[in-house]
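The values are calculated or read from the model by the stated rules, or taken from the named source; none is laboratory data. Predicted model, so just to flag it, every value in this text is computed and none were measured. Backbone-built Cβ (ideal geometry, glycine too); neighbour counts: all protein chains shown.
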């Protein structure tokens, strides 16, 4: 089996060698040998790095991602946690879509002043309510005065 040099792994994945070394220190990946000072990896490290990148894109921390691999190194993905993260992403998509629509309205609003535009005022009010709800949820439902 052909081993991959750290430089080749970096080139194939777009992940800097310094990040690969950090991932190894953190226990996310492991080299199997060295060729001189250069770390050597099994080819399956490429799939593992794709999973790590996907997890980071989804908003998981490296600690959370590390916990998603079993002691044998195989993915052991907690389905309930993935569902929760997907639900959070759905909420973010809805919020970002509403923000995008508000920005488009503001950019295209024919009113001489945005403060004279009833739609703009309504959108800002709704946005403020959503922000207050998000903050309350972030704090675990506790309100602070």
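Of the residues 29, 6, which single one is within 22 Å of residue 70 (Cβ to Cβ), in contact with a helix residue (DSSP H, G or I) (Cβ under 9 Å, 6 or more places away or on another chain) and buried (at least 17 other Cβ atoms within 10 Å of the Cβ)?
29
Go through the stretch 39-93 and give me each residue that's in contact (Cβ under 8 Å) with a residue 40 or more places away in the chain and touching a helix residue (DSSP H, G or I) at 6+ places or on another chain (Cβ under 7 Å).
45, 46, 49
Among the residues that make up the stretch 35-51, is at least one of them at pLDDT 85 or above, surrounded by 12 or more Cβ atoms within 10 Å (Cβ to Cβ), under 28 Å from the mean Cα position of the chain (by Cα) and over 17 Å from residue 15 (Cβ atoms)?
No, every residue in the stretch 35-51 fails to be at pLDDT 85 or above, surrounded by 12 or more Cβ atoms within 10 Å (Cβ to Cβ), under 28 Å from the mean Cα position of the chain (by Cα) and over 17 Å from residue 15 (Cβ atoms).
Mind checking which residues of the stretch 64-88 are assigned to a helix (DSSP H, G or I) and loosely packed, with under 14 Cβ neighbours inside 10 Å?
79, 80, 81, 83, 84, 86, 87, 88
May I ask you to list the residues in the stretch 21-38 that are free of Cβ contacts under 8 Å to residues at least 24 places away in the same chain and part of a helix (DSSP H, G or I)?
21, 22, 24, 25, listed by residue number.
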